[in-house]
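Visitor: The structure that follows is given in the form of structure tokens.
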Amino acid sequence: MSETYTHRPVLLDECIEGLNIKPDGIYVDGTLGRAGHSAEIAKRLTTGHLYCIDRDMAAIEAAREKLSTWMDRVTLIHGNFTDLEALLEEAGAAKADGMLFDFGVSSPQLDDAERGFSYMQDAPLDMRMDQSQALTARTVVNEWSQEELKRILYQYGEERYSPAIAGAIVRAREQSPIETTFQLVEVIRSAMPAAALREKQHPAKRSFQAIRIAVNDELTAAEKVVAQAVNRLGPGGRLCIITFHSLEDRIVKLGYGALAKGCTCPPDFPVCVCGKKPEIELVNRKPILPTEKELEENPRSRSAKLRIAEKL
């Protein structure tokens, strides 16, 4: 696998431009990952400071080395960005001039077969971004009801064969537990019609995405982060959020929309009585997408969308 493919942070130039970095500013990378975005922010700071958050301890450890040149202006925080305000409060961070969140699974998590994220490599069913949490993909696959499996496959994976796949999973696990990624791939394949198996996309892709989202509660995270992040931004501070899934993008779009509108009074009210004022303005109405060049260099950026807002 080429270096560019594995390590290139998604929409990097667009994020750096969107953050509008000031050398003495306070910045937060709420999804540290491989630290690609963080390195670009840190190298632009002089007296400023960068707070990096990740729920995966492996990412924190790897970042110490990657960011070693700039550690005098970096604080690494092990935690979940859904607790953003508490984590920044505890770290003594002032109001931020910019925040970045990348909701994708980081390359090392996908590439490390043992983590069980990939349908291309055999491994125990895991898929936890934070390896200290209790819920794993094995639990979801073997213990959740057929109805719940059908719901997450359809809702999070947009899998049109979700009823058949959920049924096949339940029948298979009645014989013996489904323990590995390849066992699950076989069960998924067995439930799909021949035409679907001939499609370009891997037959298990949508189901694996759905289970991963459920294990890591990713949509709740997206909902929680917008309001908390805006709260921790100083006036003129920028918020950049990258999503990889239509449901996440919709959550961010609606979250931004509500905070940009302010007033929640019914449209037929002659005057505002709620008193809510807009808190942000949208920097870009439509999401920013990867360029053709980026898509060529990094196929994983294909579904990425970046939305930027500025605190009023």
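Visitor: State which residue is least open to solvent (accessible area, probe 1.4 Å) when the search covers only segment 11-41 and only residues that are in contact (Cβ under 8 Å) with a residue 40 or more places away in the chain, farther than 15 Å from Gly237 by Cα and part of a helix (DSSP H, G or I).
Guide: The qualifying residue least open to solvent (accessible area, probe 1.4 Å) is His37.
Visitor: Can you say whether Ser190 is under 24 Å from Thr220 (Cβ atoms), of a type in the set (S, T, N, Q) and part of a helix (DSSP H, G or I), as far as the supplied structure shows? Please lay out each step first, then the result.
Guide: Numbers: under 24 Å from Thr220 (Cβ atoms): no; of a type in the set (S, T, N, Q): yes; part of a helix (DSSP H, G or I): yes.
No: the conditions fail for Ser190.
Visitor: Going by what's in this entry, would Ala210 be described as on the phi < 0 side of the Ramachandran plot, small (Gly, Ala, Ser), part of a helix (DSSP H, G or I) and in contact (Cβ under 8 Å) with a residue 60 or more places away in the chain?
Guide: Details: on the phi < 0 side of the Ramachandran plot: yes; small (Gly, Ala, Ser): yes; part of a helix (DSSP H, G or I): yes; in contact (Cβ under 8 Å) with a residue 60 or more places away in the chain: no.
Criteria not met by Ala210.
Visitor: Which residues, taken from segment 190-225, are surrounded by fewer than 19 Cβ atoms within 10 Å (Cβ to Cβ) and under 16 Å from Tyr154 (Cα atoms)?
Guide: Here is the first cut: in segment 190-225, the ones surrounded by fewer than 19 Cβ atoms within 10 Å (Cβ to Cβ) are 190, 193-202, 205, 217, 219-220, 223.
Ala196, Lys205, Asp217, Leu219, listed by residue number.
Visitor: Of the residues that sit in segment 296-312 and are basic (Lys, Arg) and in a strand (DSSP E or B), which one is nearest to the chain's Cα centre (by Cα)? Don't jump to the end; show me each part of the working.
Guide: In the first step, residues of segment 296-312 are kept if they are basic (Lys, Arg); the result is 300, 302, 305, 307, 311.
From what's left, in a strand (DSSP E or B): 305, 307, 311.
On the way: Lys305: 11, Arg307: 13, Lys311: 22 Å.
Within segment 296-312, the match that is nearest to the chain's Cα centre (by Cα) is Lys305.
Visitor: Starting from segment 148-164, take each residue that is of a type in the set (Gly, Ala, Ser) and list its partners that are open to solvent by less than 10 Å² (accessible area, probe 1.4 Å) and assigned to a helix (DSSP H, G or I), counting only C-beta distances under 6 angstrom and pairs at least six apart or across chains.
Guide: Listed by first residue and then by second, the contacts come to Gly157/Ser207; Gly157/Ala210; Ser162/Leu153.
Visitor: Among the residues that make up segment 234-243, is at least one of them among the hydroxyl-bearing types (Ser, Thr, Tyr), in a strand (DSSP E or B) and under 30 Å from Ile21 (Cα atoms)?
Guide: Here is the first cut: in segment 234-243, the residues among the hydroxyl-bearing types (Ser, Thr, Tyr) are 243.
Now narrow it down to the ones that are in a strand (DSSP E or B): 243.
Right, trim to under 30 Å from Ile21 (Cα atoms) and you get 243.
Within segment 234-243, one or more residues are among the hydroxyl-bearing types (Ser, Thr, Tyr), in a strand (DSSP E or B) and under 30 Å from Ile21 (Cα atoms).
Visitor: When the residues of segment 173-186 are narrowed to those that are hydrophobic (A, V, I, L, M, F, W, C) and open to solvent by less than 20 Å² (accessible area, probe 1.4 Å), which ends up farthest from Tyr119 (Cα to Cα)?
Guide: Ile178
Visitor: Further, regarding this structure: Of all residues being in contact with a Pro (Cβ under 9 Å, 6 or more places away or on another chain) and surrounded by fewer than 23 Cβ atoms within 10 Å (Cβ to Cβ) in segment 85-114, which is nearest to Asn20 (Cα to Cα)? Just the residue, please. Outline the logic, then answer.
Guide: Within segment 85-114, the subset in contact with a Pro (Cβ under 9 Å, 6 or more places away or on another chain) is 95, 102, 114.
Checking which are surrounded by fewer than 23 Cβ atoms within 10 Å (Cβ to Cβ) leaves us with 95, 114.
On the way: Lys95: 16, Glu114: 38 Å.
In this case the residue turns out to be Lys95.
Visitor: Quick test of your reading of the structure: Met127 fulfils all but one of (1) open to solvent by less than 30 Å² (accessible area, probe 1.4 Å); (2) modelled with pLDDT of 95 or more; (3) in contact with a Leu (Cβ under 7 Å, 6 or more places away or on another chain). Name the failing condition by number.
Guide: Among (1) open to solvent by less than 30 Å² (accessible area, probe 1.4 Å); (2) modelled with pLDDT of 95 or more; (3) in contact with a Leu (Cβ under 7 Å, 6 or more places away or on another chain), Met127 violates only (3).
Visitor: Would you be able to tell me the number of residues in segment 253-310 that are open to solvent by 30 Å² or more (accessible area, probe 1.4 Å), in contact with a helix residue (DSSP H, G or I) (Cβ under 7 Å, 6 or more places away or on another chain) and acidic (Asp, Glu)?
Guide: Total meeting the criteria: 3.
Visitor: Now a separate question. Considering only residues of segment 226-251 that are modelled with pLDDT under 95 and of a type in the set (Gly, Ala, Ser), which is surrounded by the most Cβ atoms within 10 Å (Cβ to Cβ)?
Guide: Ala227
The values are calculated or read from the model by the stated rules, or taken from the named source; none is laboratory data. Everything quoted here is computed from the prediction, not taken from an experiment. Reconstructed Cβ throughout: ideal geometry from the backbone, glycine too, with neighbour counts over all protein chains shown. The accessibility values were calculated without ligands, DNA or RNA, using every heavy atom of the protein model including side chains. Shrake-Rupley method; radii C 1.70, N 1.55, O 1.52, S 1.80 Å.
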